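Computed from the coordinates by the stated procedures, all read-outs in this text should not be read as laboratory data. None of these values were measured; they are calculated from a predicted model. Cβ atoms come from the backbone with ideal geometry, glycine included; neighbour counts cover every protein chain shown.
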Amino acid sequence: MKSLLDFYRIFDLAYGTGIIDKYESLMEMQYWFEGKIREYQEEKLKAIVTHAYNNVEYYHTLFDRIGIKPADIRHREDLEKIPLISREDLQNNSRIFMSKDISVRKVFKMHTSGTTGIALQHVLDREAWAWLKAISLRNWSWAGWNFTDKVGLMTVAGSSSQQKGNFKNKIWLNVQNLVPIEIMHMDEAIIRENLRKIEKYRITHLRGYPSGIYSMALFIQKLDIKMEMKSVMTTAEVLYPYQRKVIEDVFGCRVFDAYGTHDGCVSSGECERHKGLHLHFEPSIVQIVDPAGRSVPNGREGDVVATALFNYAMPLIRYKVNDRATMSKEPCSCGRNTPLIKHILGRSSEIFRLPNGRIFNGLSMPLEDYNSIEFFQIVHAEPDRIDINIIGKNEMEEDLQKDIKDIQRLITFHAGEGMRVNINLVEKMEYSRGGKFRYVISKVNYDKI
Ligand SMILES: [Zn+2]
């Protein structure tokens, strides 16, 4: 397709989705003042809360039990009256979160795979899906993408249905100007093949997991090749500053990081100023909360909680998405007044609780500073055991042995008394079932400690 704009116009005509109309309004809404953003969110909030009370078993029972009525939820702050729901609540009984008028709604069923590997059934109606599609286009526009650009999707084999290679998926990617590029196994031949593909299809933007794009960038660096891209868009994992640096150097462009959840409850991305991640305020109200569910001030770390405003098929109100984040105290200088995330601190499951009472934050261990290490992974394997899996750089064998001793000392020091630390040199890293690479993995059930 020459321009994606033509494709969506046809798509909108055929399915009544209005993606392009939505996109055009979103491009204006991003410059709304804070007061107008609040007004918009609170209008949507009142509507979804009323709908949820009238049509969703879980909320009806809950509101009656705690003695609140939909009319009590008028402002964003009022959300604190509603208890949090967790991923486990949905896993155990997703049916009670579905609207009883679901049969007359045009619904997409989505399955998202999580860190636990348990598939979670999530239902999205067509209108909500179309809004989320338009929002992702706005997010891409911040990276300088436009409707005629081709995007290389850096994929890890088996990571999603897109990679299964079935005919329908191939067409779906093709019409959207998306070109899959396999980056799971890399050697010089594969890298050269990827580079040929990028040239052949005139790909101007790359998009994918930071770990994958980073390792491809390292290979390209070794081959001493420069690749000029308009942007690299990263998502789904924490992006480290050292990865950003290498990627920007190799591809001669800026990296635009994004953070969101598969279900569309949270969606955010960097603008051209790179001051943090702009939260898209239209699909959800996002709060950063303490363990009691109260909002914390900007600048303080807390759990990410979202209230989705579009999805009437399966309303999620006060949904704890399992990530931790800090909001910025300062607005961005670009003129967009949406809330700004300063840091994503990763999932709470990446923070280990040790039997000696210590809290061990794997993400804060500076292992990327060791030059002899290509990849690392920190695993809380047993309550009293932490494994560090390492892939070393071949040409730095001697330094590697020295660094390993150092890392052993560092981790033992931070883990504290009674903890065993194993360093394993491995050939391959462990990926989650969804194909996501995690630097930090916990296999321990903390309820039993
Ligand atoms: Zn900005």
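In the stretch 1-69, what chymotrypsin sites (Phe, Trp or Tyr not before Pro) fall in a loop by DSSP, with at most 11 other Cβ atoms inside 10 Å? Could you put the intermediate results ahead of the total?
On the way: sites: Phe7, Tyr8, Phe11, Tyr15, Tyr23, Tyr31, Trp32, Phe33, Tyr40, Tyr53, Tyr58, Tyr59, Phe63; in loops: Tyr31, Trp32, Phe33.
For chymotrypsin sites (Phe, Trp or Tyr not before Pro) across the stretch 1-69 that sit outside H, G, I, E and B with at most 11 neighbouring Cβ atoms in 10 Å, the list reads Phe33.
If the cut-off is 17 Å between C-alpha atoms, which lysines fall inside it for Lys36, apart from same-chain ones fewer than 8 positions away?
Lys44, Lys46
Over the chain, with a Gaussian network built from C-alpha contacts below 10 Å, which listed residue (Leu340, Leu90, Leu309) shows the highest mean-square fluctuation?
Sorting by GNM fluctuation, first place goes to Leu90.
Share of antiparallel DSSP beta bridges in the stretch 354-448, in percent to the nearest 5? Present the calculation step by step, with values, prior to reporting the outcome.
Numbers: 9 of 18 bridges.
Close to 50 percent.
What does the extension gain come out to for Trp32 and Lys170, with contour length at 0.36 nm per residue minus their alpha carbon separation?
Full-extension gain reported as 45.9 nm.
Classify the stretch 132-285 from the C-alpha gyration tensor, please: rounded if a/c falls under 1.5, else prolate or oblate depending on whether a/b exceeds b/c. Mind dumping the intermediate values first?
On the way: a/c = 1.65, a/b = 1.23, b/c = 1.34.
Note, shape of the stretch 132-285 comes out oblate.
What shape does the stretch 249-342 have by the C-alpha gyration tensor, where a ≥ b ≥ c are the square roots of the eigenvalues, rounded means a/c under 1.5, and otherwise prolate means a/b greater than b/c and oblate the rest? Don't skip to the end; give the middle numbers.
Numbers: a/c = 1.96, a/b = 1.46, b/c = 1.34.
Verdict is prolate for the stretch 249-342.
Taking only the Cα atoms of the chain, how large is their convex hull per residue, in Å³?
Numbers: hull volume 66.2 nm³, N = 449.
Normalising the Cα hull of the chain by residue number yields 147 Å³.
List the lysines whose alpha-carbon lies under 20 Å from that of Lys168, not counting same-chain residues fewer than 8 positions away?
Hits, sequence-local ones excluded: Lys2, Lys109, Lys133, Lys150.
Given the chain, what percent of its DSSP beta bridges are antiparallel, to the nearest 5?
On the way: 43 of 69 bridges.
Taking every DSSP beta bridge within the chain, about 60 percent pair in antiparallel fashion.
For the chain, what does the helix formula give at 222 nm: sum of -39500 (n - 2.57) over DSSP H segments with n ≥ 4, over the residue count, nearest 500 deg cm²/dmol?
On the way: 11 runs with 143 residues, N = 449.
It comes out at -10000 deg cm²/dmol, rounded to the nearest 500.
Which one, Arg76, Arg438, Arg409, has the greatest fluctuation when you compute a Gaussian network model over the chain with C-alpha springs under 10 angstrom?
Arg409
Could you work out the relative contact order of the chain? I mean the mean sequence separation of Cα pairs under 8 Å and 6+ apart, divided by the number of residues, in percent. If you can, show how the numbers build up before the last one.
Values: 823 pairs, mean separation 64.4, N = 449.
Once divided by the residue count of the chain, the mean separation gives 14 percent.
Which order do Leu316, Leu178, Leu425 fall in if you start with the one that has the fewest other Cβ atoms within 10 Å? Please report the intermediate quantities before stating the final value.
On the way: Leu316 23, Leu178 18, Leu425 12.
Neighbour counts put them in this order, fewest first: Leu425, Leu178, Leu316.
Going by average Cβ density within 10 Å per residue, which order do the peptides 204-215, 318-329 take, highest to lowest?
Numbers: 204-215: 23.8, 318-329: 19.8.
Those peptides, ordered most packed to least, come out 204-215, 318-329.
Using only the alpha carbons of the stretch 354-448, what is the convex hull's orientation-averaged projected area in square nanometres?
Details: hull surface 25.3 nm².
About 6.3 nm², averaged over all directions.
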